[in-house]
Amino acid sequence: MSEKPPQGPQQESGSQPASDGREQGSSRRRLLFVMAPLGFALLAGILAVQLLGGEPKKIPSALIDKPAPEFELPPVQGYDVGLSTADLRSGNISLVNIFASWCGPCLVEHPVLTRLAETTDIPIYAINYKDAPDNAARWLKRNGDPYARIGADLNGRVGIDWGVYGVPETFVIDGEGRIRYKHIGVLTEDDVQGTILPLIERLRQ
Amino acid sequence: MRARRFLIGLAIAAVLFGATGAKAFSPDEPLTDPALEARAQTLNKGLRCLVCQGQSIADSNAELARDLRVLVRERLAAGDSDDDVTDYLTDRYGDFILMNPPVKGANYVLWFGPVAALLVGGTAVFFAFRRTRASRLSGAGRGSASAPAPLTPDEQRRLDTLLDDDPS
């Protein structure tokens with residue numbers, strides 16, 4: 001025990017050339033030991049974000065900043081007017097909401113759209129996507145109709161032209177009838193206040 | 001009486017045949033031209049079902065996949081080329097609808113990224129391996145790096161004391 005302190009330094013000075021080379025190798029090895037877990041952590045992080053945070057269902061629309069597709073849809077059963085491309089070029093910024101009576105989430109966002117229609121002058125148009133005519137009429141009667149105009153897309157062909165792959169979807173259309181934004185899924189009050197209204201405000205300037 | 005029973009039987013048969021007939025005439029029906037139908041099926045295999053994402057529209061039972069199959073057949077029957085059909089769909093849904101994303105723009109990373117990573121990693125491993133082998137060969141004589149150095153007299157003495165050491 002008492003011999004140890006003097007032994008240590010002596011030993012190190014004795015093997016100086018060998019320990020120099022060993023030091024170089026070990027620092028490289030230490031770098032590897034740091035880099036490997038770091039690289040793994042980076043990869044795991046990306047995968048975790050994609051798996052948990054990122055919503056893989058949300059595919060960016062190919063139609064952003066392009067003119068809304070040409071279409072002309074008949075009215076929903078019991079209504080007088082349908083919806084066509086010309087309605088979207090009225091000079092007003094408007095919303096186009098894709099909905100269906102068979103779509104549960106549409107019912108969830110319905111109060112949000114209703115409030116938006118009541119509190120602002122933004123016209124909300126709708127495409128009733130692949131719905132049975134009497135179901136659509138009954139759904140609107142029961143839940144209220146916040147829409148300025150509704151077109152009935154019975155076979156879903158206009159929906160394909162709009163790049164629709166799930167309901168609900170909501171588009172922001174500028175005054176010239178160009179698609180400026182697409183929201184996929186339920187539109188919440190936060191989406192309206194945080195994204196939709198600020199965007200419309202910016203487009204109006 | 002027998003005639004009436006016969007008529008009822010005939011009516012039931014008509015309903016049954018009508019039902020199967022209606023199914024057979026759904027718009028998802030294969031095209032009559034076999035060459036056109038073959039093209040439709042090839043196209044369908046290369047188009048992603050956007051609802052299910054991992055499947056092509058040829059494999060999917062989703063409503064939208066069915067609608068897109070109908071659309072593909074309709075456009076081919078109307079005389080569209082294969083490229084016309086894929087262009088029509090990518091205009092609306094973007095490149096994501098293609099099972100094999102086109103080799104362009106940011107997709108280069110997608111296509112060649114793994115190969116590049118393999119090359120870089122392989123090169124790194126190759127040089128690392130060569131270096132350790134070189135140092136092992138050159139260091140063998142001096143007994144450094146790879147082979148453990150023989151114990152110095154000091155170390156040997158320390159080892160002996162440790163081994164002899166009484167735990168008490």
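Worth a mention:
- Being more than 22 Å from the chain's Cα centre (by Cα) and farther than 28 Å from B:F96 by Cβ is a property that holds for A:N135.
- Listed by first and then second residue, the pairs linking a residue in the stretch B:77-101 that is away from chain A (no Cβ under 12 Å) to a residue that is assigned to a helix (DSSP H, G or I) and not hydrophobic (A, V, I, L, M, F, W, C), with Cβ atoms under 8 Å apart and 6 or more places separating them unless they lie on different chains, are B:D80/B:Y88; B:D82/B:R39; B:D82/B:T42; B:D84/B:R75; B:V85/B:R75; B:M99/B:K45; B:P101/B:D95; B:P101/B:N107.
Per-residue answers, yes or no, for (1) in contact (Cβ under 8 Å) with a residue 24 or more places away in the chain; (2) small (G, A, S):
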| residue | (1), (2) |
| --- | --- |
| A:A117 | yes, yes |
| A:I124 | yes, no |
| A:N135 | yes, no |
| A:W139 | yes, no |
| A:L154 | yes, no |
| A:R157 | no, no |
| A:D174 | yes, no |
| A:I184 | yes, no |
| A:V192 | yes, no |
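- Checked against the criteria, B:V51 does not count as in a helix (DSSP H, G or I) and either crowded, with 16+ Cβ neighbours inside 10 Å or within 14 Å of another protein chain (Cβ to nearest Cβ) (or both).
Matching residues to (1) crowded, with 19+ Cβ neighbours inside 10 Å; (2) within 14 Å of chain B (Cβ to nearest Cβ); (3) farther than 24 Å from A:V76 by Cβ; (4) in contact with a Gly (Cβ under 6 Å, 6 or more places away or on another chain):
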residue	(1), (2), (3), (4)
A:D121	no, no, no, no
A:N128	yes, no, no, no
A:D131	yes, yes, no, no
A:I150	yes, no, no, no
A:V164	yes, yes, no, no
A:D191	no, no, yes, no
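- Test: B:A117 is modelled with pLDDT of 90 or more, of a type in the set (A, V, I, L, M) and closer than 30 Å to A:A36 by Cα: yes
- The residue list B:V103, B:V109 contains one member that is among the aliphatic types (A, V, I, L, M), under 30 Å from the mean Cα position of the chain (by Cα) and not in a helix (DSSP H, G or I), which is B:V103.
- When A:E70 is tested against (1) part of a helix (DSSP H, G or I); (2) more than 30 Å from B:G54 (Cβ to Cβ); (3) within 14 Å of chain B (Cβ to nearest Cβ), exactly one condition is not met: (1).
- Index of the failed condition, B:T123 passing every other in (1) within 19 Å of A:R157 (Cα to Cα); (2) surrounded by fewer than 16 Cβ atoms within 10 Å (Cβ to Cβ): (1)
- Just one of the numbered conditions (1) over 22 Å from A:L63 (Cβ atoms); (2) among the charged types (D, E, K, R); (3) within 11 Å of another protein chain (Cβ to nearest Cβ); (4) open to solvent by less than 30 Å² (accessible area, probe 1.4 Å) is not true of B:D67: (1).
The values are calculated or read from the model by the stated rules, or taken from the named source; none is laboratory data. Small disclaimer: the values here were computed from a predicted structure and weren't measured. Reconstructed Cβ throughout: ideal geometry from the backbone, glycine too, with neighbour counts over all protein chains shown. With ligands, DNA and RNA removed, areas are computed over all heavy atoms of the protein, side chains included. Shrake-Rupley method; radii C 1.70, N 1.55, O 1.52, S 1.80 Å.
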